[in-house]
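Worksheet for the structure shown next.
Taken together, the values in this text are just the output of simple stated rules run on the coordinates, not laboratory data. Since we're looking at a predicted model, the values are computed, not measured. Reconstructed Cβ throughout: ideal geometry from the backbone, glycine too, with neighbour counts over all protein chains shown.
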Amino acid sequence: MAWSIASIPDQTGRIAVVTGANSGLGYHTANALAARGARVVMACRDTVKAETAAAAIRANYPAAEVETRPLDLADLASVATFAEALSAEVGHIDLLINNAGVMALPLTRTRDGFEMQVGTNHLGHFALTGRLLPKLEAAPAGRIVTVASLAHRTGGLDFEDLNWRQRRYDKWRAYGQAKLANLVFALELDRRLRAAGSRVVSVAAHPGFAATNLLMAGPRMENSALGKAAMALGGALLAQSADRGAIPILHAATTADLAPGGYWGPNGAFELWGRGVVPAKSTGAARSEKKGAALWSLSESLTGVSWLTAG
């Protein structure tokens, strides 16, 4: 069945935090939630672009309650500052949508020395979620949605060299690892929340192949004319729009009584496109409890944020 903004239950009174909300999937997610009455916190690295995006949402829906706050997931100090400030101002958070990410970049490092893709996509979100969990616990039905990717199927987790200091760097393998880490994290978080008796739900979603700014970021950094052309052509011929790519994320975020630990994607061929949503396929590595526990422990060590840890 086709799914649209009209399918979203009323969100009035709910507070949603969306990372990377200034463009692409994050923008369309924030726009739809605001349209249905949520107070949306747009957590973005580029505050100028974020304000432009917020203005566009208000133009679409004059009654929209949206605000922008600076958050750089590639800087753990920024994550801590964002979480502390927001937590001081709100009594609860109903939705945390871990959407922001980077894709197929040349070797770059975060402020804390992590490889940029795993540092931004996974470690930044790991630290953010841990710091915001008390506010999610304070909500009647807190929910965390982590945005994964079909690329998780190509990834592997190297716990000895997660940050590519010994291995020869490969931007696409690094992206696959980062997106696998997103899904492993979402499923391990679900296990730990249930073990703790928490009301908070962790689920994951992926957009299929969607035309977003991520396609061009790597080629621009490399100043690769061929890369830009290939991504532009692939996006034009094969990708669905970003607003359609956001549908599985919105489904995961707003469907009532959604079972914890689910993973959702488009209902079309090979989960690449679709106007509806179906349970998505995941790899054995993504579902592995052993890998989930190992990634959690390593993430705590690297970020200095320890939470939901037995004992």
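For region 124-179 and region 48-110, what is the separation of their C-alpha centers, rounded to whole Å?
After rounding, the separation between the Cα centres reads 17 Å.
Hey, rough spin-label estimate for ALA141 and ARG199, points 7 angstrom out along Cα→Cβ, what's it come to in nanometres?
1.1 nm
Taking R0 as 35 Å, what's the FRET efficiency between GLU89 and ASP170 from their Cβ-Cβ distance, rounded to 0.05? Spell out each step's value before the answer.
Details: r = 42 Å, r/R0 = 1.20.
Computed FRET efficiency for GLU89 and ASP170 comes out at 0.25.
Once you keep just the Cα pairs under 8 angstrom separated by 6 or more residues, what percentage relative contact order results for region 97-175?
Values: 63 pairs, mean separation 33.6, N = 79.
Contact order relative to length: 43 percent.
Using the count of nearby Cβ atoms within 10 Å as a rough guide to exposure, how do TYR169, TYR175 rank from fewest to most? Could you put the intermediate results ahead of the total?
On the way: TYR169 12, TYR175 25.
By the 10 Å Cβ count, ascending, the order reads TYR169, TYR175.
Along the charge dipole of the chain, pointing to its positive end and built from +1/-1 on Cβ of Lys, Arg, Asp and Glu, which listed residue (HIS152, LEU295, ASN182) has its Cα farthest out?
So the residue furthest toward the plus end is HIS152.
Please list the non-local residues whose amide H lies under 5 Å from the amide H of ASP112, H modeled 1.01 Å from N, same-chain partners needing a gap of 5 or more.
For ASP112, whose amide H was placed from the backbone, the distant partners under 5 Å are LEU76.
Suppose every Lys and Arg Cβ carries +1 and every Asp and Glu Cβ carries -1, with no other charges. What dipole size does region 28-155 come out with about its Cα centre, to the nearest 20 debye? Present the calculation step by step, with values, prior to reporting the outcome.
Working: 12 positive and 12 negative charges, 60 e Å.
In total the dipole reaches around 280 debye.
By how many nm would the segment from ASP10 to PHE270 lengthen if fully extended, with 0.36 nm per residue of separation less the alpha-carbon distance?
Working: separation 260, 0.36 × 260 = 93.60 nm, distance 3.12 nm.
Fully extending the segment from ASP10 to PHE270 adds 90.5 nm.
Work out the charge dipole of the chain with +1 on the Cβ of Lys and Arg and -1 on the Cβ of Asp and Glu about the Cα centre, then indicate which of GLN11, ALA204, THR29 is farthest towards its positive end.
Ranked along the dipole, the leading option is ALA204.
So how do 259-267, 150-158 stack up, highest first, on mean other-Cβ count within 10 Å?
Peptide ranking by packing, descending: 259-267, 150-158.
Does the chain come out rounded, prolate or oblate, given a ≥ b ≥ c as the square roots of the eigenvalues of its C-alpha gyration tensor, rounded meaning a/c under 1.5 and, failing that, prolate meaning a/b above b/c? Intermediate results must be reported in sequence, preceding the final value.
Values: a/c = 1.29, a/b = 1.07, b/c = 1.21.
Verdict is rounded for the chain.
Note the full-extension length gain between SER288 and ALA77 as 0.36 nm times their separation in residues minus their Cα-Cα distance, in nm to one decimal.
On the way: separation 211, 0.36 × 211 = 75.96 nm, distance 3.07 nm.
My answer for the length gained is 72.9 nm.
Nothing charged except the Cβ atoms of Lys and Arg (+1) and of Asp and Glu (-1): what's the magnitude of the dipole of region 45-97 about its Cα centre? Round to the nearest 20 debye. Before the final figure, lay out the partial values.
Working: 4 positive and 9 negative charges, 38 e Å.
Dipole magnitude for region 45-97 comes out near 180 debye.
Using a simple charge model, +1 on the beta-carbon of Lys and Arg, -1 on the beta-carbon of Asp and Glu, nothing else, what dipole does the chain show about its Cα centre, in debye to the nearest 20? Provide the component values of the computation, followed by the final result.
Working: 31 positive and 25 negative charges, 111 e Å.
So the magnitude is around 540 debye.
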